[in-house]
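The values are calculated or read from the model by the stated rules, or taken from the named source; none is laboratory data. As the structure is a prediction and not an experimental result, all values here were calculated from the model. Using ideal geometry, Cβ is built from the backbone for each residue, glycine included, and neighbour counts are taken over all protein chains shown.
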Amino acid sequence: MHRTLAFALLLLGGCSNTYDFSSNLDPEPIKDYFSTGSVAIYDAMPANAERLAFIDGSSCQTDVSLPPASEVEARTELRHTAAQLGANGVVLSQCVALEELPGCVTNILCSGQAIKIKQ
């Protein structure tokens with residue numbers, strides 16, 4: 001009984017070491033990818049907002065075998081551009097389907113204003 005207990009304690013003691021975790025992944029692209037989550041889309045300019053820039057985002061279907069351009073993807077790119085400018089909101093002006101754009105089978109372009117809402 002004492003041997004079993006001593007062996008169990010020795011075995012558990014070997015697992016108690018603190019291990020350092022290191023990774024070759026750069027955290028910046030991960031932060032960049034998730035930055036769109038902090039940017040909200042508005043239909044009208046909020047009263048406590050500061051205009052930063054006019055921006056656009058697009059979605060392009062480059063080949064007929066790929067999914068068609070989507071407004072969701074164009075809005076996401078719009079929010080990503082706003083996040084890169086330090087904005088936390090976008091006032092959406094419009095989204096339009098563009099025809100016969102070189103290199104795109106279908107294309108959707110969304111435009112708006114990047115804004116910073118004062119908390």
Residue within segment 69-87 that is of a type outside the set (A, V, I, L, M) and farther than 15 Å from Val39 by Cα present: yes
Within segment 66-87, can one find any residue that is basic (Lys, Arg), assigned to a strand (DSSP E or B), surrounded by 15 or more Cβ atoms within 10 Å (Cβ to Cβ) and touching a strand residue (DSSP E or B) at 6+ places or on another chain (Cβ under 7 Å)? no
Yes/no for Val90 being aliphatic (A, V, I, L, M), part of a strand (DSSP E or B) and under 21 Å from Ser38 (Cα atoms): yes
Looking for something surrounded by 19 or more Cβ atoms within 10 Å (Cβ to Cβ) and of a type in the set (S, T, N, Q) - is there at least one such residue anywhere in segment 92-101? no
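This table checks each residue for (1) of a type in the set (A, V, I, L, M, F, W, C); (2) modelled with pLDDT of 95 or more.
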site: Thr18; (1), (2): no, no
site: Glu28; (1), (2): no, no
site: Phe34; (1), (2): yes, no
site: Ser38; (1), (2): no, no
site: Ala49; (1), (2): yes, no
site: Ser65; (1), (2): no, yes
site: Ser70; (1), (2): no, yes
Report the residue count in segment 98-119 for those that are at pLDDT below 95 and small (Gly, Ala, Ser). 1
Could you give me the residue pairs with C-beta distances under 8 Å whose first residue belongs to segment 81-100 and is more than 15 Å from Glu50 (Cα to Cα), whose second residue is β-branched (Val, Ile, Thr) wherever it lies, and which are 6+ apart or on separate chains? Thr81/Ile55; Cys95/Ile108; Val96/Ile108; Ala97/Thr106; Ala97/Ile108; Leu98/Ile108
